[in-house]
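Data block below; observations after.
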Amino acid sequence: MISIVIPLFNEKDNLWILYEEIIKAVSKLDSKYEVIFVDDGSTDGSLNILKNFEEDNNNVRIFSFRKNQGKAEALTFGFQKAKGDYIVTLDGDLQDKSSEIPKLLKKIEEGWDLVCGWREKRKDSAGKILSSKLFNYLASIFWGLKLHDYNCGLKLYTKEAAKSLRLYGGMQRFIPLIVHGEGFRVTEVAVTHDKRKYGKSKYGFSKLWKDLPDVFTMFFLNKYSKRPFHFFGAVGGVLVLTGIVILGYLSYLRLQGSTIGNRPLLFFGMLLVISGFQVFFTGFLADLIINISQGLDRKDSGKILLKYESK
């Protein structure tokens, strides 16, 4: 069975065309299917259109958040609800084509866990293309996963890879990296990309300034999310050691008869020692919190976000 998960926000002008393209594509597949629309708090009447799809087709399921939560949260919720052995994601803007799904299926049968779409001939503004290329370049440097396109909305996952994801904030841009970091096999195939015809893009050139901090955040999470004490402990240790060296030097001067009470270096050394211990114990507390949180079950945490759910 194949699950198609579509997160969307204010895409009413695209929905009928999108639905017809999806049904046309899945009708050619020799497999059962379900289409899951996750409405991320749309305010333009998108939900009313989606309800028509539900009435027309028993394979359509709809979930609608009470307010806009973000694409990462919508994807995570869709993954949790999906029943298929393979899970496809599509954006609701018609720029990714449902007709490319068989190409991704053929590739994943080679033993991959995630097949990403590569918008080889991308039909976006120069600003968006430039920011994406910079992001892709930085990501490949930090993690060594060589992909042309990390953030194409068209992706195909195995069930295990998709359900391992717990996305939030802007983490949907790092899905290949997260999946790769969990030990799954990741690849890409070139896919067709169209210009947006209806509606407005939710991302502009300004997303570059959001992507750059997220790159460093993800680097930290990828390396130290399960062992933060290794990071904070090392930083705190360096600060404390530097402070002790400075205070030791000043103590030597004091023993030689010099006055040190009015030296800025004294306060700097004390500040380093105090700050170092604070950073050190921050890492210690973070380790405790992670160990406690690992026992929590978040399987149904998304239910409180819904205002509508298909029966």
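The values are calculated or read from the model by the stated rules, or taken from the named source; none is laboratory data. Here the structure is a predicted model, which is why all the values come from computation and not from measurement. Reconstructed Cβ throughout: ideal geometry from the backbone, glycine too, with neighbour counts over all protein chains shown. Each accessible area value is taken on the protein alone, full model and side chains, heavy atoms only, with ligands, DNA and RNA left out. Shrake-Rupley method; radii C 1.70, N 1.55, O 1.52, S 1.80 Å.
Restricting segment 60-79 to residues that are among the polar types (S, T, N, Q) and buried (at least 17 other Cβ atoms within 10 Å of the Cβ) leaves a set whose member that is farthest from Ile4 (Cα to Cα) is Gln69.
Checking each residue in segment 31-50 for being of a type outside the set (Val, Ile, Thr) and surrounded by fewer than 17 Cβ atoms within 10 Å (Cβ to Cβ) picks out Ser31, Lys32, Asp44, Gly45, Asn48. Look through Asn52, Asn59 and report the one residue that is of a type in the set (S, T, N, Q) and under 17 Å from Ala82 (Cβ atoms). Answer to the check: Asn59. When Arg196 is tested against (1) closer than 22 Å to Tyr224 by Cα; (2) in contact (Cβ under 8 Å) with a residue 24 or more places away in the chain, exactly one condition is not met: (1). Within segment 124-152, residues that are in a helix (DSSP H, G or I) sit with their Cβ atoms under 8 Å from residues that are modelled with pLDDT of 80 or more and loosely packed, with under 13 Cβ neighbours inside 10 Å, at 6+ positions apart or across chains, in these pairs: Ser140/Lys146. Output yes when any residue across segment 83-102 is part of a helix (DSSP H, G or I), in contact with a Phe, Trp or Tyr (Cβ under 9 Å, 6 or more places away or on another chain), open to solvent by less than 40 Å² (accessible area, probe 1.4 Å) and of a type outside the set (Lys, Arg), and no when none is. Scanning segment 83-102 turns up no residue that is part of a helix (DSSP H, G or I), in contact with a Phe, Trp or Tyr (Cβ under 9 Å, 6 or more places away or on another chain), open to solvent by less than 40 Å² (accessible area, probe 1.4 Å) and of a type outside the set (Lys, Arg).
Scanning segment 153-163 for residues that are surrounded by 22 or more Cβ atoms within 10 Å (Cβ to Cβ) and in a strand (DSSP E or B) returns Lys155, Leu156, Tyr157. Taken over segment 66-82, the residue count meeting the criterion of being closer than 21 Å to Phe184 by Cβ, touching an Asp or Glu at 6+ places or on another chain (Cβ under 9 Å), part of a helix (DSSP H, G or I) and among the aliphatic types (A, V, I, L, M) is 0.
Within segment 107-128, the set of residues being over 21 Å from Ala72 (Cα atoms) and of a type outside the set (Asp, Glu) comprises Lys107, Ile108, Gly111, Trp112, Lys121, Arg122, Lys123, Ser125, Ala126, Gly127.
Could you tell me how many of the residues in segment 177-187 are at pLDDT 90 or above and open to solvent by less than 30 Å² (accessible area, probe 1.4 Å)? The qualifying residues number 3.
Scanning segment 103-152 for residues that are modelled with pLDDT under 85, open to solvent by 50 Å² or more (accessible area, probe 1.4 Å) and of a type in the set (A, V, I, L, M, F, W, C) yields Ala126, Leu130, Leu134, Ile141, Phe142. When segment 13-30 is filtered for residues that are open to solvent by less than 50 Å² (accessible area, probe 1.4 Å) and part of a loop (DSSP other than H, G, I, E, B), only Leu29 remains.
Remark: pairs (first residue in segment 234-257, of a type in the set (S, T, N, Q); second residue in a helix (DSSP H, G or I) and surrounded by 15 or more Cβ atoms within 10 Å (Cβ to Cβ); Cβ separation under 9 Å; 6+ apart in sequence or on different chains) = Thr242/Gly269; Thr242/Leu272; Thr242/Val273; Thr242/Gly276.
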